[in-house]
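For reference, the structure is listed below as structure tokens.
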Amino acid sequence: MSVTARHGVSLSGPVDGQPMLFAHGFGCDQSMWRYVAPAFADRYRVITFDHIGSGGSDSSTYDPDKYSDLAGYAADVVEIVRDLDLHDVVFVGHSVSSMIGALAVIEDPERFSRLVMVSPSPRYIDDVDYTGGFAREDIDELLESLSSNFLGWSATMAPVIVGNPDRPALGDELTASFCRMDPDIARRFATTTFLSDNREDLPQVGVPTLVLQCTRDAIAPTTVGRYVADTIPDATLVQLDATGHCPNLSAPEETIAAIEGFLRQRGAP
């Protein structure tokens, strides 16, 4: 099976446009970009895909050892970029894919020109002089709940993650997305995500970077967004009015405007 088929890669926009690669977060798939990605398809070669185990990807190729570290997911991103022979790529990652994108940029810096991190977190667990938003026991409890009752966990956590309690349809959509994942792969991906610590990788990101931070984000508090922007050498922090962890769903117009403003400032189309 080809790389593009394995990840359900979708392409739109002008063939000769600058590549813009969108990567979804945990429990999601490429459809989570449907309100944002098309806004760039008039100028950019827009690429969306599914991480292995999500959406239309080939779950039979899931390798527990490879994906026990975010570097395994970053290797897939680099493989897609090389297979499509993309250069000057603008990578847009949501949540954990923000860090996956950072690792991909570090692995093959010649292929990437800009990085957009939507609601990123390099470490979810609090540490000395670092506030990630969770105590270790909180994460252990979260992972135990996911393992013992995945459907129940999804129904409880999805509305918390997406925020916007006045818009329950958003939580329902994320719940449905979670429930479409294979429970075992979801458990492993969650463990890889919530136990990751990529703080030492941030100073190695060598491209201009936009950090989009939401208000009242239960997964990545404002302290995390500031930390990411302060640690990456050439980063811009934009505080969105959007609440929750998924502005690509809850506030696509504001998300689009922030990305477009950043790209214009950095000389992109």
Would you check if there is a residue in region 125-144 being closer than 17 Å to I232 by Cβ and touching a strand residue (DSSP E or B) at 6+ places or on another chain (Cβ under 6 Å)?
yes
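Report, by residue number, each residue of region 73-91 that is within 25 Å of D182 (Cα to Cα) and either among the hydroxyl-bearing types (S, T, Y) or open to solvent by less than 10 Å² (accessible area, probe 1.4 Å) (or both).
To start, the set of residues in region 73-91 that are within 25 Å of D182 (Cα to Cα) comprises 73-80.
Answer for region 73-91, where residues must be within 25 Å of D182 (Cα to Cα) and either among the hydroxyl-bearing types (S, T, Y) or open to solvent by less than 10 Å² (accessible area, probe 1.4 Å) (or both): Y73, A74, D76, V77, V78, I80.
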Positions within region 132-152 being under 20 Å from D217 (Cα atoms), without any contact (Cβ under 8 Å) to a residue 40 or more places away in the chain and not in a helix (DSSP H, G or I), in sequence order:
A135
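What helices (runs of 4 or more DSSP H) lie completely within region 153-269 and have 1 or more residues being in contact with a His (Cβ under 8 Å, 6 or more places away or on another chain)?
Working: elements: 168-179, 183-194, 222-231, 247-250, 252-265.
The helices (runs of 4 or more DSSP H) meeting that bar are 183-194, 247-250.
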How about region 156-171: which of its residues are surrounded by fewer than 16 Cβ atoms within 10 Å (Cβ to Cβ) and without any contact (Cβ under 8 Å) to a residue 40 or more places away in the chain?
T156, P165, D166, P168, A169
Matching residues in region 8-48 - criterion: being within 16 Å of the chain's Cα centre (by Cα), open to solvent by less than 20 Å² (accessible area, probe 1.4 Å) and of a type in the set (G, A, S)
A23, G25, G27, A37
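Name the one entry in D197, D182, D201 that is among the acidic types (D, E) and closer than 17 Å to C28 by Cβ.
Answer to the check: D182.
Any idea which of V238, V224, V205 is surrounded by 19 or more Cβ atoms within 10 Å (Cβ to Cβ) and either in contact with a Phe, Trp or Tyr (Cβ under 9 Å, 6 or more places away or on another chain) or within 22 Å of P38 (Cα to Cα) (or both)?
Numbers: V238 fails: surrounded by 19 or more Cβ atoms within 10 Å (Cβ to Cβ); V205 fails: either in contact with a Phe, Trp or Tyr (Cβ under 9 Å, 6 or more places away or on another chain) or within 22 Å of P38 (Cα to Cα) (or both).
Selected residue: V224, the only one of V238, V224, V205 that is surrounded by 19 or more Cβ atoms within 10 Å (Cβ to Cβ) and either in contact with a Phe, Trp or Tyr (Cβ under 9 Å, 6 or more places away or on another chain) or within 22 Å of P38 (Cα to Cα) (or both).
The values are calculated or read from the model by the stated rules, or taken from the named source; none is laboratory data. Predicted model only: the values in this text are computed from it and were never measured. All Cβ positions, glycine included, derive from the backbone under ideal geometry; neighbour counts span all protein chains shown. The protein model used for the area step is the full one, side chains on, heavy atoms only, and it has no ligands, DNA or RNA in it. Shrake-Rupley method; radii C 1.70, N 1.55, O 1.52, S 1.80 Å.
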